[in-house]
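Colleague: Below is a structure I'd like to ask you about.
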Amino acid sequence: MKNAWKGLVVGALTGMVGGAAMDMAERARRTAVHVAGQAVDRAPSVAGTATQKAADLVHDADVPGRALAEHVGRSDMADRAKKMVSEVSAGLGS
C-alpha cells in the first residue's frame, strides 16, 4: 500500500503540471489570435503611414541636381513633350 500512495501523489503532480501546461498553451494561443487580429485590422493604416513617411523623406531629400530637374520639368521643352504625348495617346485611343 505504500507504493500505491506514492503512485497517487506522483500521478496527481504529473496531472497538475500537464494541466497547467495545457492551460498556458491555450492562453498563449488565444493571445496570439487576438494579436494577429489586431495586426490585420491595423495593417492598412500602418502601411499608409509608413508609405507617406517614406514619400516625405524622399521628397525632402537633398538630391544632387534636384533644382535642375525641377527647372527642366517646368521648361517649355517639357510642356511640348507633355503635349506631344497627350496627342499621341489620344490618337492611339481612337
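Colleague: What angle do you read, to the nearest 10 degrees and between 0 and 90, between the alpha-carbon axis of helix 2-60 and the longest principal axis of the chain?
Modeller: 10
Colleague: Please determine, in degrees from 0 to 90 and to the nearest 10, the orientation of helix 76-93 with respect to the longest principal axis defined by the Cα atoms of the chain, where the helix direction is its Cα long axis.
Modeller: Once rounded, one gets 70 degrees.
Colleague: Another question about this same structure. In the set (1) 47, 24, 20; (2) 46, 28, 25; (3) 104, 41, 17, which value of Cα extents along the principal axes in Å was calculated from the structure you see?
Modeller: (3)
Colleague: Additional query: Farthest toward the dipole's positive end in the chain, which of 39, 50, 7, given Cβ charges of +1 (Lys, Arg) and -1 (Asp, Glu) about the Cα centre?
Modeller: 7
Colleague: Something else now. Using only the Cα atoms of region 1-55, build the gyration tensor, take square roots of its eigenvalues as a ≥ b ≥ c, and label the shape rounded, prolate or oblate: rounded if a/c is under 1.5, else prolate if a/b is larger than b/c, else oblate.
Modeller: In terms of gyration-tensor shape, prolate.
Colleague: Can you pull the one-decimal nm distance between simple spin-label points at residue 27 and residue 55, each 7 Å off the Cα toward Cβ?
Modeller: 4.5
The numbers here are math on the coordinates, done by the rules we state, and not lab data. These numbers come from a predicted model, not from an experiment. All Cβ positions, even for glycine, are placed from backbone atoms using ideal geometry, and neighbour counts span all protein chains on display.
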